[in-house]
Amino acid sequence: MLGKITYAGSNNTSYQQAHADLGHLAELKVSDKQVRRVCKRIGAERVAERDAAVVAYQALPLTQRKAAPTGVVPPPLAVVGVDGGRLQIFERPPTAAASPAATAQPPPQPEVVVAAPPEPAAVDAAAASELLPPTAPEATLPTAAAAVDAAAVDAAAAAPAAEEDDDERRGKFWREDKIGLLLTMHSAVSSQDPCPQIPKTFLNPTRISQLVRELKKRAPPQEEAAKQAAEPQAAEEALREDPARWKPPEVQAKQLVATRRPWDQFGPMVAAAAWALGFFAASRKAFLGDGAENNWTLHRQLFSSFVPILDFIHGLSYVFASAMAGRGFKEGWTVYERWIQWVWSGAPEKVIAALAVRQVELGSPTAEETEGSPRTVVTRALTYLQNNKDRMRYAEYRRQGLPITSSYVESAVKQINYRVKGTEKFWNEVGAEELLQLRADYLSDNNVMEVFWKRREASETGQNRYRSVG
C-alpha cells in the first residue's frame, strides 16, 4: 500500500491528482495530505540512503573510485549528462512571535496556504502507522501572495544564496534544480566518420528557426514554466532522419539523479551513481552538456576521463543567430549552411575565424546595446565557440560511436519538471529535495524503488532472506 501511495504521489502532477487516482484505480481512500506525508517520509529515507552512498564513495581510495565495484560489469559505452531545470521555492516567513515587535498589532497580511493538519486516517492501521506529521513539501500561494512581507520573501528567495544568480533572484521564487542522467548505451565504432555530410533536416529553414526559438535562453520563468519545448524530440528525429547513413547510439538503461543541493554537492552524487554502475571502468565514456560553466567544472573535477562533448543543438543555435546577425535571411542562410557544415565536420576554428572577421566589420558592442543587436550576437557567439571548441570534435565523436546531442538529458529534465514545476507549485527546500529524489528513482530503469521496498521490508520486520537449499 505504501508503494502504491508513494508511486502515485511521485508520478502525478499533484498530490490532489494522486488522491483521485488512488481512489479510482486502487480503491484506496487516502487523502492528498496523507499522500504528501507518505511521500515525505519515503523521500527522506531515499535522500538519506543517497547521501550515505555519496559519503561511502568519497571515502574510497582514488584507485577504487576509478574502477568498477566488485561484481559490476562495466558497460560498453557510458554516458553522463547534466543539466538544470526550474521549480519554485518558497520558505514560510518567520512567525510574529520571533520578532521583537510581536506585541504590536501587525497589519493584515494574506495567508500563505500550506497543507492543513492531518485528517483522521482513512487507510488501515499498518499504513497509518507510516504517516508523518504534516510538514508540507508543497504549498500553494493565493493570487494575493504578492502582498506577503517583502523582506521575508526576499530572504526566502535568497536561500541558498551562494548558488543563485541575479536572474533567479529577480524571479523571486524560481530556482534551479540539477539533473544528472547516466546512460548505458550501445553503438558501433567506425574507421572513419559514418556521416560526413550534415543531415538535411539541419538545413531546413523552418525546422532550424523552430529549434533556435525553443533554445532561447533567459526566458521569463513564468513563460518557461508554461512552455513545452519539443527540442529533445526534434533533435533525435533530425539525427535519425537517415539511419542508413548513420545510427546514433541506442540507450540500453538509464538512471537519474536530481537535487536542489549546490553544484559542489551535486557532482559527487552523480559520480557516486556512475561508480556504482561501473561507468569509470567503461572502455568508452562521454560527458554531455551545454555551454554552462558549472557543467564543465563538474567534468574537470570528477569526470576528466570522459570525453567532453558540447551539445550540438546548443552550438547550432549560436551559429545560426550569428550568421543571421545584420544580414537579410537569404544572405544569412547561405552563411549558416557553410558554417554549420564546418561545425558538423568538427572544425569550429573555421567558424571562429569567420566570426572574428565579422566582428571587425560590425565593431564591438557598446554598453548601451541590447542583447539582440548584431554586434552583441556576434560577440556572444564568438566567445561561446572559443570557450567550447575543444568539445566540438563531432566527426571524431561519431567515429567513436558517441552521442553528440544532449536530447536525452533535456528529456529527463522535462520529465522531472512534469512533477515539480509549475506556476502554481511552490516547495520548501526539504520537500523539494524529497520529491526530486523520488521522481528520479521512479524514472530510472534499474528498479530502484522495487529494491528499496524489499530492503525496507526486510529491515523493518527483522526478516532474513535465506538462499534455498536443495
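No value in this document is a laboratory result; all are computed from the given coordinates. None of these values were measured; they are calculated from a predicted model. Positions of Cβ are generated from backbone atoms using ideal geometry, with glycine treated the same way; all protein chains shown enter the neighbour counts.
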Hull shadow area, averaged, segment 306-412 [alpha-carbon convex hull, nm²]: 7.7
Residues whose placed amide H lies under 5 Å from that of Arg284, excluding near-sequence neighbours: Ala78
Taking placed amide H atoms and a strict 5 Å upper bound, the residues 5 or more places from Gly289 or on another chain that come that close are Ile309, Asp311
Order of Arg455, Arg207, Arg36, Arg393 - criterion: other Cβ atoms within 10 Å of each residue's Cβ, fewest first: Arg455, Arg207, Arg393, Arg36
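Using a 10 Å cut-off on Cβ atoms, rank the peptides 437-447, 369-379, 355-365 from the highest mean neighbour count down. All intermediate terms of the calculation are to be shown ahead of the outcome.
Working: 437-447: 20.5, 369-379: 16.4, 355-365: 14.8.
Packing order, densest peptide first, comes out as 437-447, 369-379, 355-365.
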Computed over segment 27-67, the convex hull of the Cα set has an average projected area, in nm², of 4.2
Among all the lysines, which ones have a C-alpha under 28 Å from Lys4's C-alpha, if same-chain residues fewer than 8 places away are not counted? Lys29, Lys33, Lys40, Lys178, Lys254, Lys414, Lys421, Lys425, Lys454
Sorted by Cβ density within 10 Å, fewest first, the residues Ile313, Ile352: Ile352, Ile313
Full-extension gain in nm, Lys247 to Glu369, via 0.36 nm per residue minus C-alpha separation: 39.5 nm
Work out how far the C-alpha atoms of segment 174-411 reach from end to end along every principal axis, then list the three figures in whole Å, largest first. 52, 44, 32
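I need Leu302, Leu60 ordered by Cβ neighbour count within 10 Å, fewest first.
Details: Leu302 20, Leu60 14.
The order, fewest Cβ neighbours first, is Leu60, Leu302.
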